Amino acid sequence: MKVLVTGGLGYIGSHTVIELIKNNHEVVIIDNLSNSELSVLSVLEKLTNKKLPFYKMDVKDEEIKKVFEEHKIEGIIHFAGYKAVGESVSEPLMYYQNNIGTTLNLVKLALKYKVPKFIFSSSATVYGDQQSPFDETMPRGNTTNPYGETKKINERILEDVAYANKGFNVVLLRYFNPIGAHKSGLIGEKPVGIPNNLMPYITQTAKGIREKLYVFGNDYNTIDGTGVRDYIHVVDLAKGHVKALEYNNKGVDIINLGTGRGTSVLELVTSFEEVNKIKIPYEITNRRPGDIDECYASIDKARKVLKFEAKLTIEDMVRDAWNFEKNLK
Ligand code: NAD
Ligand code: UD1
């Protein structure tokens, strides 16, 4: 299938491009490089041994029409968007404009050019503070920040458009916590500035860029008091997208991509230390506003309809994350 991947040079998009090519799909990439670098394109071309059509464009812009004119797009995977929760609180307009504007423009063109399949990067954040395991039949919950709200609004927009347009089929993938990197160590997560998320903060502490890790609270109702999350290797997550693309759905499907297993902050730190033989100094501090105690997926639907199950372990995730970070210049 010829697939348009928006945000294809970003963290999850780049890993997905590799899996798509491995599975004999053709890929066209749009990215405006707002949170990625052009050098990722040459790495992808090296790893896949293919020349990849790339358009440096803003997905909100009318000019992306050109991509649909030049290629017969049969499926779209829409990763392009901003994702920093804290920044979304201080720059809400920027988040609503980018995260919703991209989808509106893309969907308009998808309908015009009769693209039958649309896959959207949603997030477990849309479940809000309900009780884990989160399953897809639960209603969308309350979000605590504009980033999360854009995911909820995007889900609703895509549901409404699919309902009104037979033949426009949507899969809303709700990611849990993607971490890790490609085995080559050549692509991975490269946050700008101080990392907000746990794994990049751990790898930067291991490298000596950060003095110590701040653990946000140890009084949660969890196994050791620290927050529990469902970490999924980004390569497994990428494979889930290939399955979602090949799944012949009608209308809208919501599907979780997680492992179904929860890991606490301290468990992740211990695993990192054991696998990589590096000590991570840490200090327990206050809870971070908006955090919940536990967040993990029900994976029954992914198993049943996509025949997808994540294979890689926490050990694989911490090893690959470090392998990427330590090679970074
Ligand atoms: P990322 O920032 O690494 O990748 C996003 C890419 O989109 C970047 O390369 C950026 O340059 C590009 N982009 C942003 N706005 C654009 C625009 N208007 N036009 C063209 N390109 C644009 O992020 P990621 O971690 O790969 O996440 C991909 C998607 O998955 C995002 O929508 C994110 O919200 C969602 N998601 C991520 C996580 C996570 O933990 N990483 C969790 C849940 C959902
Ligand atoms: C966060 C976002 C979520 C987003 C996801 C992926 C919030 C409240 N939620 O999820 O909307 O979809 O990232 O971008 O920001 N932790 C520490 N110290 C740190 C960093 C994190 O102890 O320096 C803890 C957190 O309290 C949490 C766990 O580690 O218990 C994971 O945090 P993080 O990686 O930020 O992911 P989420 O909060 O699950």
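A few comments on the model shown:
- Among residues of the range 40-53, those that are surrounded by fewer than 13 Cβ atoms within 10 Å (Cβ to Cβ) and within 12 Å of ligand 1 (Cβ to nearest atom), counted: 0
- Residue among D316, D320 that is in contact with a strand residue (DSSP E or B) (Cβ under 8 Å, 6 or more places away or on another chain), within 16 Å of ligand 1 (Cβ to nearest atom) and not small (G, A, S): D320
- Criterion (charged (D, E, K, R), at pLDDT 95 or above and more than 17 Å from K239 (Cα to Cα)) met by exactly one of K22, K83, K2: K83
- Of the residues screened, V27 is one that is without any contact (Cβ under 8 Å) to a residue 60 or more places away in the chain and among the aliphatic types (A, V, I, L, M).
- The residues of the range 117-173 that are assigned to a loop (DSSP other than H, G, I, E, B) and more than 14 Å from ligand 2 (Cβ to nearest atom), listed by number, are Q130, Q131, P133, D135, E136, T137, M138, P139, N165, K166, G167, F168.
- If you filter the range 88-108 down to residues that are surrounded by 20 or more Cβ atoms within 10 Å (Cβ to Cβ) and over 18 Å from the mean Cα position of the chain (by Cα), you find that the one that is nearest to ligand 1 (Cβ to nearest atom) is L106.
- Residues of the range 181-193 classified as within 16 Å of ligand 2 (Cβ to nearest atom) and either among the charged types (D, E, K, R) or in contact with a Lys or Arg (Cβ under 8 Å, 6 or more places away or on another chain) (or both), total: 2
- Residue that is farthest from ligand 2 (Cβ to nearest atom), among those in the range 55-71 that are surrounded by fewer than 18 Cβ atoms within 10 Å (Cβ to Cβ) and within 20 Å of I18 (Cα to Cα): H71
- Pair list, Cβ < 6 Å and 6+ apart or interchain, from the range 308-327 residues that are modelled with pLDDT under 95 to residues that are assigned to a helix (DSSP H, G or I): none
- If the condition is being near ligand 1 (Cβ under 7 Å from one of its atoms) and buried (at least 22 other Cβ atoms within 10 Å of the Cβ), then the range 76-87 contributes F79, A80, G81, K83.
- Any pair with Cβ under 6 angstrom, 6 or more apart, that starts in the range 173-196 at a residue that is without any contact (Cβ under 8 Å) to a residue 12 or more places away in the chain and under 21 Å from E87 (Cβ atoms) and ends at one that is outside any loop (DSSP other than H, G, I, E, B) and away from ligand 2 (no atom under 12 Å from the Cβ): none
- Matching residues in the range 203-224 - criterion: being under 25 Å from D293 (Cβ atoms) and more than 11 Å from ligand 2 (Cβ to nearest atom): T203, D219, N221, I223, D224
- Exactly one residue among G180, G81, G167 is in contact with a Pro (Cβ under 7 Å, 6 or more places away or on another chain), within 27 Å of V17 (Cα to Cα) and of a type outside the set (S, T, Y), and that residue is G167.
Conditions (1) crowded, with 16+ Cβ neighbours inside 10 Å; (2) within 20 Å of the chain's Cα centre (by Cα); (3) among the polar types (S, T, N, Q), marked per residue:
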residue: A244; (1), (2), (3): yes, yes, no
residue: V265; (1), (2), (3): yes, yes, no
residue: E273; (1), (2), (3): no, no, no
residue: K307; (1), (2), (3): no, yes, no
residue: K326; (1), (2), (3): no, no, no
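- Any chance G258 is small (G, A, S), farther than 20 Å from V215 by Cα and surrounded by fewer than 19 Cβ atoms within 10 Å (Cβ to Cβ): no
- Answer residue from the range 295-305, given it is assigned to a helix (DSSP H, G or I) and free of Cβ contacts under 8 Å to residues at least 60 places away in the same chain and is surrounded by the fewest Cβ atoms within 10 Å (Cβ to Cβ) among those: K304
The values are calculated or read from the model by the stated rules, or taken from the named source; none is laboratory data. Given the structure is predicted, the values throughout are model-derived calculations rather than measurements. Here the Cβ is made from the backbone with ideal geometry for all residues, glycine too, and neighbour counts use every protein chain on show.
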